[in-house]
Amino acid sequence: MVKQPDKMHLLGYFVLSVIINSLGNALTVSINLGSALWTAASVNLAQTTPVSLSWWLFLSGAIVILTNIIILHHFQTKRIIGNLIFMVPFASLVGIFAHFLVRWGITSLPLSLRVFLDCLGVVLIAVAISLYQRVNWMLHPVDDLMQIIRFRFFKGNSTVAQLVTFTPPLIVIFVIFGLTHHLYAINIGTVFALLFQGTLVGLADQIIFPSLKHQNIADIPQVK
């Protein structure tokens, strides 16, 4: 019988995951070689409408939370509060890390090194998603959507679930490009995340703290 981690260990994993995720996102933001797909979709919407980026990020998070409720067929107050709480330290840490990375001159590095660091940022994001999905205390709404889809429809397959989760922002980006013939915040980091982030989450489940198993997923009913 596998021993379940106690609350202190889970807390440690969770804090570590938030730090890793914030650092990974700060790398991709400060290097500016492509944003994550949901962020890129919000950037493109902000560039083509009078609504600001901050509002589009908030609105997309609210839409995802509503989508999660619909998929689960019931309202879970704890889950929604966790989604909202998660975004506060996460957003603050991303800003702090990005500020220091820019001050340290990361944008002046050779292009090849910046490409490597941008892809490393995506890898760190995947590792972090793996950790806090397994702890499953509170998640970013988009990562919660991926977790719900992963275990409700695809028997834990992170690669397929991540691709499905990326479908809505991809549709938004393609529609905006079709209307305006312009793209924003799309670069090698975006493509790398699209192709590999889901697979990297699954690999991290197996090799990063493999004794940590998914907690509290019984409230995600599977489709038989």
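Projecting the Cα atoms of Ser30, Ile217, Ile96 onto the charge dipole of the chain (Cβ charges, centred on the Cα centre) puts Ile217 farthest toward the positive pole.
Compactness of the chain was expressed as the Cα radius of gyration divided by 2.2 N^0.38 Å, which yields 1.00. Surface exposure of the chain, expressed per residue as accessible area with a 1.4 Å probe, stands at 53 Å².
The length gained by stretching the chain between Leu195 and Met8 to full extension, at 0.36 nm per residue less their Cα-Cα distance, is 63.9 nm. Ordering Val18, Thr48, Leu117 by Cα displacement along the dipole of the chain toward the positive end leaves Val18 in first place; charges were set at the Cβ atoms of Lys, Arg (+1) and Asp, Glu (-1).
To the nearest 20 debye, what is the magnitude of the charge dipole of the chain about its Cα centre, counting +1 on the Cβ of each Lys and Arg and -1 on the Cβ of each Asp and Glu? Don't skip to the end; give the middle numbers.
Numbers: 12 positive and 6 negative charges, 82 e Å.
Here the size comes out at about 400 debye.
Nearest 0.05, what FRET efficiency do Ser211 and Leu111 give at R0 = 45 Å with Cβ-Cβ as r? Computed FRET efficiency for Ser211 and Leu111 comes out at 0.70. In the elastic network of the chain, a GNM with C-alpha springs shorter than 10 Å, the most mobile of Ser130, Ser112, Ser30 is Ser112. Taking each residue as 0.36 nm, the span from Ser92 to Gln76 lengthens on full extension beyond its C-alpha to C-alpha distance by 3.2 nm.
Can you classify the stretch 37-90 as rounded, prolate or oblate using the Cα gyration tensor, where a ≥ b ≥ c are the square roots of its eigenvalues, rounded means a/c under 1.5, and otherwise it's prolate if a/b beats b/c and oblate if not? Judged from the Cα gyration tensor, the stretch 37-90 comes out prolate (a/c at least 1.5, a/b above b/c). Taking a ≥ b ≥ c as the square roots of the eigenvalues of the Cα gyration tensor of the stretch 92-176, is the shape rounded (a/c under 1.5), prolate (a/b larger than b/c) or oblate? Here the stretch 92-176 falls in the prolate category.
Grab the beta carbon distance between Trp55 and Asp219, set R0 = 35 Å, and tell me the FRET efficiency rounded to 0.05.
Working: r = 31 Å, r/R0 = 0.88.
With a Förster radius of 35 Å, E is 0.70.
The values are calculated or read from the model by the stated rules, or taken from the named source; none is laboratory data. None of these values were measured; they are calculated from a predicted model. Counting neighbours? That spans all protein chains shown, and the Cβs are built from the backbone with ideal geometry, glycine included. We work out accessible area using only protein heavy atoms, side chains counted, and drop any ligands, DNA or RNA first. Shrake-Rupley method; radii C 1.70, N 1.55, O 1.52, S 1.80 Å.
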